[in-house]
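Report on the structure given below.
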Amino acid sequence: MIENLSLNCLIVLGARINPQGRPGRIARMRLEHALALWHQGGGTSCLILTGGCSRIGLSVSEARAMADFARERVEHAWGPEFRARLEASLVLEEGSLSTRESAANTLPLILDRNFDAVGLVSDSLHLRRARYLFRRHFRRHAVALHPLPVPGVIGHYWRNRRYLWLSKMALREAVAWLKVFARRPRRRQSG
């Protein structure tokens, strides 16, 4: 359990991987934040990594690439004991190609394990939409969802003068919100 929130699970949302099949900057930042929270809680909570094969031509999923990175990072930072704990804690959800699909595909994993307090890890720009979509899928179940934003993602891009990347991220998120509202079921007017 994560000590300060009593979470028994962390869901880390996938992000693009590079052509070599390694997590990109955003995926690494999300994962490093989640691993720090996991370690802070004693390395006992479940860690669900989401994301399918989003790049054409790559056979590795976002979740698998993040898991490989996590194993290396944990062993380097905290040793083989924590790597063994991580192995026991990891669950890969490799079927999702969108945040909406991640919400739908992780719900059965959460329910099968009877988790009632779940942390949702993503960057702050993405987390509002992710939380909205996850809450829509989780609302009929007794699962408390806690957003855990990765600190400093926007600041990192700003400090490094990556204005184009920051603009692309913001635009991509705006388009994704439009898709969410376009798919939202319309309520019938009585009358």
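What is the percent of Cα-Cα separations in the stretch 49-184 that go past 28 Å?
Of all Cα-Cα pairs in the stretch 49-184, 24 percent lie more than 28 Å apart.
Alpha carbon centre of the stretch 99-142 versus the stretch 54-86: separation in Å?
21
Could you please report the charge total around V150, scoring K, R as +1 and D, E as -1 over all other residues with beta-carbon less than 12 angstrom from its beta-carbon?
+1
Are there any helices in the chain, counted as whole DSSP H runs, that stretch 18 Å or more along their axis by Cα and score at least 0.5 on average by Kyte-Doolittle, and if so which? List each step's numbers first, then the result.
Numbers: long enough: 25-40 (22 Å, -0.29); 62-78 (23 Å, -0.81); 99-112 (20 Å, 0.05); 124-138 (21 Å, -0.81); 163-183 (30 Å, 0.54).
Taking the DSSP H segments of the chain (at least 18 Å long, mean hydropathy at least 0.5), we get 163-183.
For the peptides 145-152, 171-178, 70-77, 29-36, what is the packing order when you average, over each peptide's residues, the other Cβ atoms within 10 Å and list the highest mean first?
Details: 145-152: 17.4, 171-178: 12.0, 70-77: 15.8, 29-36: 21.1.
Averaged packing, sorted descending, gives the order 29-36, 145-152, 70-77, 171-178.
Which whole-number value in Å² is the accessible area per residue of the stretch 11-138, probe 1.4 Å?
Value returned for the stretch 11-138: 43 Å² of accessible area per residue.
Taking the chain as a Gaussian network, Cα atoms linked when under 10 Å apart, which of R83, R162, R16 shows the biggest mean-square fluctuation?
R162
Hey, what number do you get for the chain at 222 nm if only DSSP H runs of n ≥ 4 count, each worth -39500 (n - 2.57), divided across all residues, to the nearest 500? Don't jump to the answer; show the numbers that get you there.
Details: 7 runs with 100 residues, N = 191.
Value at 222 nm, helices only: -17000 deg cm²/dmol.
Figure the gain on full extension for D68 and A176 (residue separation times 0.36 nm, minus the Cα-Cα span) and round it to one decimal in nm. Can you show the working numbers first?
Numbers: separation 108, 0.36 × 108 = 38.88 nm, distance 2.82 nm.
Full extension from D68 to A176 adds 36.1 nm.
With both bridge residues required to lie in the chain, what share of the DSSP beta bridges run antiparallel, to the nearest 5%?
Taking every DSSP beta bridge within the chain, about 10 percent pair in antiparallel fashion.
Counting only protein heavy atoms and using a 1.4 Å probe, what share of the accessible area of the chain belongs to carbon plus sulfur, as a whole percent? Walk me through the numbers on the way to the answer.
Values: 5500 of 10700 Å².
C and S atoms contribute 51 percent here.
Tell me, what is the Rg over Rh of the stretch 90-148, with Rh the Kirkwood radius over Cα pairs? Walk me through the numbers before you get to the answer.
Values: Rg = 10.7 Å, Rh = 11.6 Å.
Rg divided by Rh gives 0.92.
Return the FRET efficiency for the residue pair E75, S54: r is the Cβ-Cβ distance, R0 is 30 Å, and the value is rounded to the nearest 0.05.
Efficiency for this residue pair is about 0.70.
Got the relative contact order for the chain handy, in percent, Cα pairs under 8 Å and 6 or more residues apart?
It rounds to 21 percent for the chain.
With equal scatterers on the alpha carbons only and no solvent term, can you work out the Debye log10 of I(q)/I(0) for the stretch 5-113 at 0.11, 0.12, 0.22, 0.24 1/Å?
Debye output, listed in q order: -0.31, -0.37, -1.20, -1.36.
With every protein chain kept in the model, how would you rank K168, K179 by accessible area, 1.4 Å probe, largest at the top? Walk me through the numbers on the way to the answer.
Working: K168 100, K179 120 Å².
Listed by decreasing accessible area, they come as K179, K168.
The values are calculated or read from the model by the stated rules, or taken from the named source; none is laboratory data. This structure is a prediction, so every number in the text was calculated from the model and none was measured. Note that we place each Cβ from the backbone using ideal geometry, even for glycine, and neighbour counts take in every protein chain shown. Note: accessible area is taken over every heavy atom of the protein model, side chains too, but ligands, DNA and RNA are not part of it. Shrake-Rupley method; radii C 1.70, N 1.55, O 1.52, S 1.80 Å.
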